[in-house]
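Data first, discussion second: the structure below is written as structure tokens.
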Amino acid sequence: MKRRIILSYILILSFALNTASAQKKTTATPELNRRATDQIRALAREKVKALSDLLNAIANEDLTTYDRKYVILNSYMPSNDQLFFNDGVIVEDDIDPAHTAPAAGSDAVIDRYLSNLDLFYQKSTTNTIEFSNIVVGDVKAGEKYPYVKVFFTSEFKGKHKSITTPYKPTQRVAEFIAASVDDEWIVYITRLAFQSPTAMQDNIAALPVSTSTNAEKPTDMAKAEPKKETPASVKNLGKQVSSASAQKQKTTALIKVGVGVAALAFGTATFLMLNSDHADYKKRISNAEGITSYAAPGIYISAGAAAVGVGIGLTSLGNFKKAKR
């Protein structure tokens, strides 16, 4: 019995320690110096290339309907393949060959846009969607999070299933928000649209964001302009990022509460079991020893488990406080 108690205690303690070490470290947004902005710009460029791969995967006839639905969902849901900030990202439609510039009524949420590509764009075994002339703008400061725009030429070389008008190359822009998680930058697409006539020139001509006096200028920076006001979409997205961070803190706290309750319950149950055994032992032995010596080391293990449970429960309060900030 004592061996089972010891083994159970070791398992609970091991799980508690693993849970504590697995929690993500939250840090304040690091300084936006040259190194940070270069990393954000490089990540945004890679995401645009990944966007091209995503569109070609959806247009690949070798994939099953289930496979295409899976990659669409993964593109905006939390996953290793996530490209878009969430399912509310707005895209200016370019699947209709007639849409080659900003136009009223051509907006769609990301799931609808990608589903329309699946439905209306002709499938092929080879890549028929190409991005070229990729230009990454300068990183700019939002109220809480930096953002960056990437400009590129998009060319659909396939055909629309029901519209005979051939596709023409279009000028597109992907807007990204950047956030720091565990001292590493991540970027997500917050909007995909057609370029305005002066958008790229205005964007790459602005001053780079830096709070460091020794920060260098980006290699593709032209003349300096005053920083433009943060777009409303980015302001709103900042709130969503904060909300996601708070949700993580709540999840961490709930896990700790669960582990703490389990450890406390184990300690209590073990003590009650040992106490019952000792009571039965005293009935049979006239000169019985005390419970401390009779139940050792089990009684110490039960007390330790209860202490671990209380300790983990108390640390969860810190996570709940962070979630409320």
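The values are calculated or read from the model by the stated rules, or taken from the named source; none is laboratory data. For clarity, every value in this text was computed on a predicted model and none was experimentally measured. Cβ coordinates were reconstructed from backbone atoms using ideal geometry, including for glycine residues, and neighbour counts include every protein chain displayed.
For this structure, a couple of remarks:
- Residue within region 132-155 that is touching a residue at least 60 places away in the same chain (Cβ under 8 Å) and over 16 Å from PHE176 (Cα atoms) present: yes
- Considering residues of region 262-285 that are at pLDDT below 75 and within 41 Å of the chain's Cα centre (by Cα) only, the residue nearest to ALA303 (Cα to Cα): GLY267
- Neighbours by Cβ (under 6 Å, 6+ apart or cross-chain): first from region 85-100, assigned by TED's automatic domain parsing to the domain that holds ARG112 and over 30 Å from ALA179 (Cα atoms); second crowded, with 16+ Cβ neighbours inside 10 Å and at pLDDT below 95: HIS99/SER106
- Scanning region 81-136 for residues that are at pLDDT below 95 and under 15 Å from VAL48 (Cβ atoms) yields one hit, ASP81.
- Odd one out for TYR76 among (1) under 15 Å from ILE177 (Cβ atoms); (2) touching a residue at least 60 places away in the same chain (Cβ under 8 Å); (3) surrounded by 16 or more Cβ atoms within 10 Å (Cβ to Cβ): (2)
Table: residues versus (1) part of a helix (DSSP H, G or I); (2) surrounded by 16 or more Cβ atoms within 10 Å (Cβ to Cβ).
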site: LEU55; (1), (2): yes, yes
site: ILE95; (1), (2): no, yes
site: ALA98; (1), (2): no, no
site: ALA101; (1), (2): no, no
site: GLY105; (1), (2): no, no
site: ARG112; (1), (2): yes, no
site: ASN133; (1), (2): no, no
